[in-house]
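In what follows, a structure is listed as structure tokens, so that the remarks can point back to it.
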Amino acid sequence: MNTVELFFAYFAVSMTLLSVLIISVKNPVHSILLMLVLFFHIAALYLFLNAEFLAAVQVILYAGAILVLFLFVIMMLNLKEELMSHRFINEWPIGLALGLSIIVFIFFALDKFNPNYKGTYTIEAIKAETNTKAIGKILYTEYLLPFEIASLILLIAIVGAIVMAKKEK
Amino acid sequence: MIDLIRIHTGDIIFNILIILVKTAVVFGVAMLHVAYATYFERKIIGHMQVRLGPMRVGYHGLLQPIADGVKAFFKEDIIPLNADKPVFIIAPLIAMFATISSLAVIPFFDGFVIADINVGILFLLAMSSLGAYGIVMAGWASNSKFSFLGGLRSSAQVVSYEIAMGLSLVGIMLMAGSLNLTEIVKAQQQYWHGMFLVPQFLAFFIFTVGAFAETNRTPFDLPEAESELVAGYFVEYSGMRFAFFFLAEYVGMIVMSSISVICFWGGWTLPPIIVNTFPFLGEIPGIIIFLLKVYCYLFLFYWVRATLPRYRYDQLMSLGWKVLIPLALLNIVATSLIKFFF
Amino acid sequence: MNPLSIAQTIQDKFPKEVKEIVEFRKQVSVIIQRDRAKEILAFLYFNKDFNFDYLVDLCGVDYMGQKKPRFEVVYNLFSMKHRHFFRVRVEVDEDTQDAPDNLSVDTVTDIWRGADWHERECFDLFGIRFKGHPDLRRILMPEDWEGYPLRKDYPLKSDLGDMEWQEYKDLIEFSEKAKQYEVR
Amino acid sequence: MTKTKDALRQRELTINMGPQHPATHGVLRLVLEIDGETVIKCTPYVGYLHRGTEKLCENRTYLSAMPLMDRLDYISSMANDVGYCVAVERLLGIEPPERAKFIRTMMCEMTRISSHILWLGTHALDIGAMTVFLYSFREREWIMDLFEMVCGARLTVSFPRIGGIRNDVSQEFLDSLYKFAEEFPSRIIEYETLIDQNRIWLQRTKGIGVISAEEAVNWGFTGPTLRGSGVDYDVRKYMPYDAYEQVDFDVPVGKEGDVYDRYRCRMEEMRQSVRIIKQCIEKLPKGPIMTPDAPKFTLPPKDKVLKDMEAMIHHFVMLTKGPLTAPVGEIYSSTEVPKGELGFYIVSDGSGRPYRMRLRSPSFVHVSALPRLCVGSLVADVIANIGTIDVVLGECDR
């Protein structure tokens, strides 16, 4: 095992542990903090893949914006009551079944996983062009349609949120 | 000497050593700056307000920051009984380390940067958004309603102003064609004015407002609005933990000033037009020019604090969402159009 | 309008209620009985010629041992429009066994909003109750205070001993306990 | 799940603003119920500074009750003293001499300026403009020095006396006061340049805490708080006392009745005060400072007390028993103090002590209207509203 693999092993194991902790910790604010740590680990993994842009965006968007909003909402809750209640909902067997089936799926799909696949953008090509440029190019040429669809979906979500917030009054 | 060390240690360890030394230097210099930033803030605002500021410790109070530091260090550390202890302890550390780690990617002069990464600007934005965690966590963990409100205000404020600030920097990225801070400084040298401030004045305005909001400075100091929330999110903190927040705020100010200097004021360089007319100015070390520019920008922080009243929460939000973000978008569109056609 | 003529008008309209018209240093006041006090005050407020839209002050006076109806509630009125001043004194008697509701007046908070706290203060310091007041609680004194300090039979200073206000006793006790932490 | 839903539905947060809070100007306590940042309920609690002034007055002579008046509105003690003296003089039916009247008027207006400056500083500080606070304290210091010149005390002066004033003013004092009056308008302009055109200041004050003229009168507002709503009511004009009849001044009124208009009113009032002070100095007549025609009610001059036996006995009786011949009756007398109308309702039973002394303090009335001003606005507006009604809790709680 060389250094890179060692690092990867660390990140993989700790990410799994963190994920389990996030759903099992009683205090939601603590689980959000753990989630923050998890996001950092993910960002670090992106760095291993030479995807600095993704790593930075991971931190800015997920850690900096989305998670803060989560925190915002959770802080509003009456946590004292929340701490008393059970952490898991009654329908946990369904969740377990779903989770297990996904694991089975992945297990069977593992076969088709090709670690040596190389697309047009090799690491060398990306390094020559810088990460950001490469992502921009690929996003606005090859994946333009999915990108636009995704943004439309987000727009709908925003409009929906506003409509729901307005109705309350 | 250096070569001797290199031979004896090998490349990787040597590089790590160099980085450690650089980090130590930057950290030390930054801490000194923070200490004296507080001193100058008190002095400058004092003189603006027809009073003298600190005068007692040392000549004209010059040792005051050190006295303050010693005092904060030895003060009793109080943790409220019903506080969420781990979060309460982590919060100031998050706030401080998030801002201090921003210093890692800032090039202070040509070639001097701890980590010269390609997405420098994004890293800075990421770190400044992390600073909000410290504040929100502190507000929540103190188990006090005033600090809770401060935390809420801060989270909403930081999230909304970061968008405007990030978008305002997109113009710079477009102009420079890179996210690397060193590259951005170098890109500015192509122009006769040597500053992105001239073509990107709109972005500069948005960035400045955003920087004030990010660092929770007047007129956007709502999270700690003294007259409303007493001291906002750090109302329950004392001693060293309180000092950490203080430190975070001032390092944040220095980081924001540095970003502004790098992105808009040409970093450690002087405008080519000036250097060409007075060639001897080109001999000034870059660090001096950089620091002078940073001081000017810091002065702006102080000046505004002495002048402006505080915004109200909803006014702050409407300014952020209804004025700054549309303006920033407009700036991006205009910049890219100009860049595309010329 | 001449205050005396205001007083005269009131006496003409409510001959039974008005007990006396007093003039001292050009200030005129009518002393009226309690039962229709609110009606008279409303009349002073709504009548176009008087239009007393500003309740300057409302306070209680304790005439213990000097007059028979022991208390008076004094309404000082001013009209912003006509710039005249007038005073109404409503006589209230002590509560007795057979008339437990004696010590009360109808509230005027629905006429003058500003009367709210004045009435609360009057209740707090004299024990005069205001019927229909939205929120009649003690205001200046602590909520669990006993007695009405501005009454004439309430001593200015005395050693209450066990009758002392509970929170004060707690405070004394606490300070005794805290003495052990004192740095000497 | 239901518990979570309940937790979600519970949206109000109750916060306890005060009695120790930087913006409540003393020991005012507000219990705010807020939904997010919006105030949905506001309950003021007062009484933390209740010292029983009314009860104390009933047990003191008319003269010795005066120091209590200093401590009502402790930042404008001179105006309270004058108000009290005017009330007792009206009860006794005596008139102070002309010179005393002019000096009292002068002092009242100086107090008005010092109180308004302090208000301006703290109000601006509440809204976040720190510099105004220190600028205004510079001038307040000046007025305090002037007070010290005339009576030796800076804050709790006890300067006026029933039937006159304690001691005459020197020419030196008049000169320096005139200099102050010459200089001060330029200082007002200085404050105004700091905040008057400031967009943030305008956003924070315009349209906040609006109250209409009728409603303000109905609530019993007085002083600049009322005049900001456009009601032209000033005790100095309509029930003149002292020398106010003989000086020329305007009563500034606002239009909208919001925080900004009340701010403008107070700023203009300071200019008018300067005008009055100047006129007082120019018109100041020569003559005695204590009324000579009612020796039974007034203290004899100090130098006489030390030489003359009769005067000494008189002095002694005055201080221990009070004027023995106070007429039986009742009087309501009000004066315009910086905060509004300060009223004294005195019931006299013929003894040397007031039988009942009622203080109608403007702050008490204004605080009672805080819920009316605050509900529906934001937390930051509560601060602006507390500032705009200019409360002093010493006066509110008495």
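Of all residues in segment C:13-34, which are within 27 Å of C:K131 (Cα to Cα), touching a strand residue (DSSP E or B) at 6+ places or on another chain (Cβ under 9 Å) and not hydrophobic (A, V, I, L, M, F, W, C)? Of everything in segment C:13-34, those that are within 27 Å of C:K131 (Cα to Cα), touching a strand residue (DSSP E or B) at 6+ places or on another chain (Cβ under 9 Å) and not hydrophobic (A, V, I, L, M, F, W, C) turn out to be C:E17, C:K19, C:E20, C:S29, C:Q33, C:R34. Which is over 20 Å from the mean Cα position of the chain (by Cα), crowded, with 22+ Cβ neighbours inside 10 Å and not aliphatic (A, V, I, L, M), of D:R199, D:R204, D:R166, D:R187? Answer to the selection: D:R204.
In summary, D:T156 fulfils each of the numbered conditions (1) in contact with a Ser or Thr (Cβ under 6 Å, 6 or more places away or on another chain); (2) of a type in the set (S, T, Y); (3) closer than 23 Å to D:K278 by Cβ with the single exception of condition (3). Filtering segment D:221-242 to residues that are outside any loop (DSSP other than H, G, I, E, B) and touching a residue at least 40 places away in the same chain (Cβ under 8 Å) leaves D:G223, D:P224, D:T225, D:L226, D:V235, D:R236. Within segment C:1-21, the set of residues being among the hydrophobic types (A, V, I, L, M, F, W, C), touching a residue at least 40 places away in the same chain (Cβ under 8 Å) and not in a loop (DSSP other than H, G, I, E, B) comprises C:I6, C:A7. With respect to being open to solvent by 50 Å² or more (accessible area, probe 1.4 Å), of a type in the set (G, A, S) and under 30 Å from C:P155 (Cα atoms), C:G60 falls outside the description.
The residue that is farthest from the other protein chains (Cβ to nearest Cβ), among those in segment B:115-145 that are outside any helix (DSSP H, G or I) and among the β-branched types (V, I, T), is B:I117. Beta carbons closer than 6 Å, at least 6 apart along the sequence or on distinct chains, pair a first residue in segment C:78-104 that is hydroxyl-bearing (S, T, Y) with a second that is part of a loop (DSSP other than H, G, I, E, B) for C:S79/C:N51; C:S79/C:F52.
Of all residue pairs spaced 6 or more apart or on separate chains, those with beta-carbon atoms under 9 Å, a first member in segment C:24-35 that is within 13 Å of chain D (Cβ to nearest Cβ) and closer than 13 Å to C:I6 by Cβ and a second member that is part of a loop (DSSP other than H, G, I, E, B) and open to solvent by 30 Å² or more (accessible area, probe 1.4 Å) are C:V28/C:N2. Entry remark, segment B:299-315: residues being facing another protein chain (nearest Cβ under 10 Å) and either in a helix (DSSP H, G or I) or in contact with a Cys (Cβ under 8 Å, 6 or more places away or on another chain) (or both) number 6 in total.
Taken over segment C:101-139, the residue count meeting the criterion of being more than 9 Å from chain D (Cβ to nearest Cβ) and not in a loop (DSSP other than H, G, I, E, B) is 10. Take the residues of segment D:344-377 that are free of Cβ contacts under 8 Å to residues at least 60 places away in the same chain and on the phi < 0 side of the Ramachandran plot: which is surrounded by the most Cβ atoms within 10 Å (Cβ to Cβ)? The extreme case among them is D:Y345.
Annotation note: of B:S155, B:S160, B:S147, B:S142, the sole residue that is in the same structural domain as B:A231 (by TED's automatic domain parsing), over 14 Å from the mean Cα position of the chain (by Cα) and modelled with pLDDT under 80 is B:S155.
So which strands (runs of 3 or more DSSP E) are wholly in segment D:11-89 and hold at least 3 residues that are in contact (Cβ under 8 Å) with a residue 40 or more places away in the chain, of a type in the set (S, T, N, Q) and crowded, with 20+ Cβ neighbours inside 10 Å? Those strands (runs of 3 or more DSSP E) do not exist here; none qualify. When segment D:355-398 is filtered for residues that are facing chain C (nearest Cβ under 10 Å), part of a helix (DSSP H, G or I) and closer than 30 Å to D:L91 by Cα, the ones remaining, listed by number, are D:F364, D:V365, D:H366, D:V367, D:S368, D:C396, D:D397.
Just one residue in the set B:D68, B:D77 is farther than 24 Å from B:A211 by Cα, in a helix (DSSP H, G or I) and open to solvent by 40 Å² or more (accessible area, probe 1.4 Å); that residue is B:D68. So, C:L55, is that one in contact with a helix residue (DSSP H, G or I) (Cβ under 6 Å, 6 or more places away or on another chain) and either within 22 Å of C:D110 (Cβ to Cβ) or without any contact (Cβ under 8 Å) to a residue 40 or more places away in the chain (or both) or not? Against the criterion (in contact with a helix residue (DSSP H, G or I) (Cβ under 6 Å, 6 or more places away or on another chain) and either within 22 Å of C:D110 (Cβ to Cβ) or without any contact (Cβ under 8 Å) to a residue 40 or more places away in the chain (or both)), C:L55 qualifies.
When you look at B:V198, is it surrounded by 24 or more Cβ atoms within 10 Å (Cβ to Cβ), in the same structural domain as B:M256 (by TED's automatic domain parsing) and among the β-branched types (V, I, T), yes or no? No, not satisfied. Note on segment A:28-86: residues that are at pLDDT 75 or above, polar (S, T, N, Q) and closer than 30 Å to D:L13 by Cα total 1. Output the residues belonging to segment B:152-177 that are within 7 Å of chain A (Cβ to nearest Cβ) and not hydrophobic (A, V, I, L, M, F, W, C). Passing the criteria: B:S155, B:E162. Out of all the residues in segment B:183-190, is one or more closer than 28 Å to A:E129 by Cβ, within 12 Å of chain A (Cβ to nearest Cβ), open to solvent by 20 Å² or more (accessible area, probe 1.4 Å) and not small (G, A, S)? Yes.
In summary, D:C85 fulfils each of the numbered conditions (1) touching a strand residue (DSSP E or B) at 6+ places or on another chain (Cβ under 9 Å); (2) within 14 Å of another protein chain (Cβ to nearest Cβ); (3) under 15 Å from D:Y241 (Cβ atoms); (4) not aromatic (F, W, Y) with the single exception of condition (2). For the residues A:V29, A:V37, A:V20, the requirement of being part of a helix (DSSP H, G or I) and under 13 Å from the mean Cα position of the chain (by Cα) singles out A:V37. Among the residues making up segment D:361-385, those that are among the aliphatic types (A, V, I, L, M) and within 22 Å of the chain's Cα centre (by Cα) are D:V365, D:V367, D:A369, D:L370, D:L373, D:V382, D:I383, D:A384.
The values are calculated or read from the model by the stated rules, or taken from the named source; none is laboratory data. What you see is a predicted model, and the numbers here were worked out from it, not measured in a lab. Every residue, glycine as well, gets a Cβ built from its backbone with ideal geometry; the counts of neighbours run over all protein chains shown. Surface accessibility is based on the protein's heavy atoms, side chains included, excluding ligands, DNA and RNA. Shrake-Rupley method; radii C 1.70, N 1.55, O 1.52, S 1.80 Å.
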